[in-house]
Amino acid sequence: MLESPVDYRVDGAMARLTLNSPNKRNALSTALIDALGQGLANATADPRVRLVALGHTGGTFCAGADLSESGAAPDEQLAVGRAREMTALLRALLQCPLPVVGVVDGHVRAGGMGLLGACDIVVAGTRSTFALTEARLGVSPAIISLTLLPKMSARAAGRYFLTGETFGPERAAEIGLVTIAAQTVEAELATIADALAKGSPQGLAASKALVTDPILREFDRDADRLARVSAGLFLSEEASEGMTAFLQRRSPSWVRSAGN
């Protein structure tokens, strides 16, 4: 029996969803996305649960899409389908009536950034690093902009969407990507969980909706368009060169030719 890429367990009033494919840097495979969605559904249906904690094993919270599932010659239908899997997951996190607390103490890239944007509260430990490197690969953070732009400051998004620079937990807290930069992640999570456990199911759901309903309206307006934008970029020659260069640990052609 294959091990699930997401561990699920209930700890008091908290359902823990733990990304558990460290050998793949917790990449967003179809199996992992499905398991996350099922975990959210299980937590929502459990009357004991008042919050979901979304964490990870290994040194990477999530590295983004699982490129190994794209195939040697991906077509538009496949690329759009994969993009829609991601939008559906982000929407499920936003729409979940339970508060979702992101718990990260490792590297966060690409789709992993989108997951954090969809969380209601995010605790980041000292080993956390963040980067939006899509532009360096010939693509863009199209889909994850649906959850990041409502949370990050406009100036920070304007910088990090474009530069691909890496930053740490304190900077992430300054720009709104995370809620708390913590020295001890589990201790901070325990404090938050204790506070949330005092809320009623109705009170928590209605209070969360005040924040997420405006985000969901824009999400539903733009999600399909951005899925197609993402797919088109992914299938482009520049993206092929960027991803090949990344895997080969070399500079892409546009960097080598710059200034010449």
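Details
- Qualifying residue in segment 200-218 (condition: touching a residue at least 12 places away in the same chain (Cβ under 8 Å), closer than 16 Å to Pro97 by Cβ, surrounded by 14 or more Cβ atoms within 10 Å (Cβ to Cβ) and hydroxyl-bearing (Ser, Thr, Tyr)): yes
- Residues in segment 187-205 that are under 15 Å from Leu51 (Cβ atoms) and either among the aliphatic types (A, V, I, L, M) or touching a Lys or Arg at 6+ places or on another chain (Cβ under 8 Å) (or both): Leu189, Ala190, Ile192, Ala193, Ala195, Leu196, Ala197, Gly199, Pro201, Leu204, Ala205.
- Residues satisfying the criterion are present in segment 209-227 (criterion: in contact with a Lys or Arg (Cβ under 9 Å, 6 or more places away or on another chain), small (Gly, Ala, Ser) and either assigned to a helix (DSSP H, G or I) or at pLDDT 95 or above (or both)).
- Criterion applied to Ala135, Ala79 was being of a type in the set (A, V, I, L, M) and open to solvent by less than 30 Å² (accessible area, probe 1.4 Å), and the one residue passing it is Ala79.
- Criterion: on the phi > 0 side of the Ramachandran plot and surrounded by 15 or more Cβ atoms within 10 Å (Cβ to Cβ) - qualifying residue of Gly58, Gly39: Gly58
- Scanning segment 182-199 for residues that are exposed (fewer than 12 other Cβ atoms within 10 Å of the Cβ) and among the charged types (D, E, K, R) yields one hit, Lys198.
- Annotation for segment 12-22: no member residue is free of Cβ contacts under 8 Å to residues at least 24 places away in the same chain and not in a loop (DSSP other than H, G, I, E, B).
- Taking each residue of segment 166-184 that is at positive phi and looking for partners that are open to solvent by less than 40 Å² (accessible area, probe 1.4 Å) and outside any loop (DSSP other than H, G, I, E, B) with beta-carbon atoms closer than 9 Å, six or more apart or interchain, yields Gly176/Ala156.
- Close Cβ contacts (under 6 Å, 6 or more residues apart or on different chains) running from residues in segment 139-155 that are in contact (Cβ under 8 Å) with a residue 24 or more places away in the chain and of a type outside the set (Phe, Trp, Tyr) to residues that are in a loop (DSSP other than H, G, I, E, B) and open to solvent by 20 Å² or more (accessible area, probe 1.4 Å) comprise Lys151/Gly176; Met152/Gly176.
- Residues (open to solvent by less than 10 Å² (accessible area, probe 1.4 Å) and closer than 12 Å to Thr60 by Cβ) located in segment 92-110: Val104, Gly106, Val108
The values are calculated or read from the model by the stated rules, or taken from the named source; none is laboratory data. These numbers come from a predicted model, not from an experiment. Cβ atoms come from the backbone with ideal geometry, glycine included; neighbour counts cover every protein chain shown. For the accessible areas, the whole protein counts, side chains as well, though only heavy atoms, and no ligand, DNA or RNA atoms are used. Shrake-Rupley method; radii C 1.70, N 1.55, O 1.52, S 1.80 Å.
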